[in-house]
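Please read the structure below before turning to the comments.
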Amino acid sequence: MSSRKGRKDAARVVREQIAREKRRKRTLWTSIAAVLVLVIAGGIGWAVYSSQKSDEFTAPPGANDAGTGIVLGTGPVTIDLYEDYLCPACKQFQQINGETLNQLVSEGKAKLVFHPVAFLNRFSTTEYSTRSSAASGCAAQGGKFREFTDQLFAKQPPEGGAGLSNDELVDIGAGVGLNRDEFASCVSDGTYRSWTEYVTDEASKSGVTGTPTIKVNGSELQDRSPEGIKSAVEAAGK
């Protein structure tokens, strides 16, 4: 009798072990399936995000074919200038070299591609770098990009604060001859925010890590003085 009971107990133990193993395998495969679903969903989500971030943007009138900057002039030598409207060094660069750049453009020696990047949002409580860059796109739409850019640097706010408000940006735009209502609508709608993100992303991909950065026919300049810029343009034009 006891031996029969022992065999039954042994059989029960074996059945319980088999059942536990089956449950463990089911749980394992369920977990693997769940992970695969998350990975696939995440991959699809990232692909959609990347596509939207890289491709879904509206470039303002006057942008180059790549949509990464606003083109001023038609000269044979290309000057690429990467600046952030919140960057103090960029303001200084403009004060020292702005007249030289304008002269090279007006004399037909170079075309200037201005890339208004938003690298310094971390130094603003309102993403001023993005807002001002997007507003410059609105200024380009109204044909006053250079004038608006000059005034943004002239009235540059300090780092660490809110920066200029949208109303103040609109006042600057109206001050350089833009239609106030049209410009205000463009700024408040954030029409060119996605463009700003694209310009910034593409600048990073091209190796630009700080502002100001200036390149002449694709080569970054170390001598960023008026004489250095003129010499580089002259050498590239030969």
- Across the range 67-99, what is the number of residues that are more than 22 Å from the chain's Cα centre (by Cα) and farther than 21 Å from L169 by Cβ? 9
- Given the conditions (1) among the hydroxyl-bearing types (S, T, Y); (2) open to solvent by less than 20 Å² (accessible area, probe 1.4 Å); (3) closer than 22 Å to G73 by Cβ, and given that S225 satisfies all but one, which numbered condition is not satisfied? (2)
- Answer yes or no: is there a residue in the range 189-196 that is part of a helix (DSSP H, G or I), under 17 Å from E83 (Cα atoms) and more than 21 Å from the chain's Cα centre (by Cα). no
- In the range 132-153, what residues are under 13 Å from D84 (Cα atoms) and of a type outside the set (D, E, K, R)? S132, S133, A134, A135, S136, T149, L152, F153
- Message: For the structure I just gave you, tell me whether Y128 is hydroxyl-bearing (S, T, Y) and farther than 23 Å from E182 by Cβ.
- Response: no
- Message: Please count how many residues of the range 147-172 are farther than 16 Å from A89 by Cβ and touching a residue at least 40 places away in the same chain (Cβ under 8 Å).
- Response: 2
- Task: Determine if the range 212-220 includes at least one residue that is in a loop (DSSP other than H, G, I, E, B) and open to solvent by 30 Å² or more (accessible area, probe 1.4 Å).
- Result: yes
- Message: Could you check the range 175-188 and list, in sequence order, the residues that are open to solvent by 70 Å² or more (accessible area, probe 1.4 Å) and under 22 Å from the mean Cα position of the chain (by Cα)?
- Response: S188
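The values are calculated or read from the model by the stated rules, or taken from the named source; none is laboratory data. Being a predicted model, the structure only gives us computed values, none of them experimental. Note that each Cβ is placed from the backbone with ideal geometry, even for glycine, and that neighbours are counted across all protein chains shown. Just the protein is used for accessible areas: all its heavy atoms, side chains included, with ligands, DNA and RNA removed. Shrake-Rupley method; radii C 1.70, N 1.55, O 1.52, S 1.80 Å.
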